[in-house]
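All remarks here apply to the structure that follows.
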Amino acid sequence: MSEEGVINKEEMKERVVAALKTVYDPEIPVDIYELGLIYEINLYPVNNVFILMTLTSPSCPAAEHIPGEVKKAVSEIEGINEVEVEITFDPPYTQDMMSEAAKLELGFL
């Protein structure tokens, strides 16, 4: 925190990423951030957050569940106002988007 007790944009983004790492695809034992499902995190004035994400496939059984979990996890961060989550399939998800940690966890390395 800065001297005035105000959280700077970088620190808030770190908190958003930490919250995203608590959300899991129910079928995969790796969080959605490490899976590479988060394409974009934008912070706007007064701590409004926009998250652009994808799912492992358009027919993902958790398609309705995961965006709500993302919104809930980020909304629970102290100081966050509005949270908007948008799903896109452009570009389509591939396993190459996973972090090294996710690939290791899933036995791809």
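The values are calculated or read from the model by the stated rules, or taken from the named source; none is laboratory data. Not measured: the values here are computed from a predicted model. FYI the Cβ positions are ideal-geometry reconstructions off the backbone, even for glycines, and counts take in every protein chain you see.
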Scanning the stretch 29-65 for residues that are surrounded by 14 or more Cβ atoms within 10 Å (Cβ to Cβ), β-branched (Val, Ile, Thr) and more than 18 Å from residue 97 (Cα to Cα) gives 49
Here is a check on your reading of the model: is residue 103 free of Cβ contacts under 8 Å to residues at least 24 places away in the same chain, basic (Lys, Arg) and in contact with a Leu (Cβ under 9 Å, 6 or more places away or on another chain)? yes
Scanning the stretch 31-68 residue by residue, those touching a residue at least 24 places away in the same chain (Cβ under 8 Å) and more than 12 Å from the chain's Cα centre (by Cα) turn out to be 43, 46, 47, 48, 56, 57, 58, 60, 61, 62, 63, 65
If you scan the stretch 99-109, which residues turn out to be closer than 28 Å to residue 8 by Cα and not in a helix (DSSP H, G or I)? 99
Going through the stretch 21-56 in order, the residues found to be within 13 Å of residue 94 (Cα to Cα) and among the hydroxyl-bearing types (Ser, Thr, Tyr) are 39, 54, 56
Could you check how many residues of the stretch 66-100 are within 19 Å of residue 24 (Cβ to Cβ) and surrounded by 13 or more Cβ atoms within 10 Å (Cβ to Cβ)? 17
Pick from the stretch 69-90, criterion assigned to a loop (DSSP other than H, G, I, E, B) and under 16 Å from the mean Cα position of the chain (by Cα), ranking: farthest from residue 50 (Cα to Cα): 89
Any chance you could count how many residues in the stretch 12-28 are at pLDDT below 95 and either exposed (fewer than 13 other Cβ atoms within 10 Å of the Cβ) or at positive phi (or both)? 2
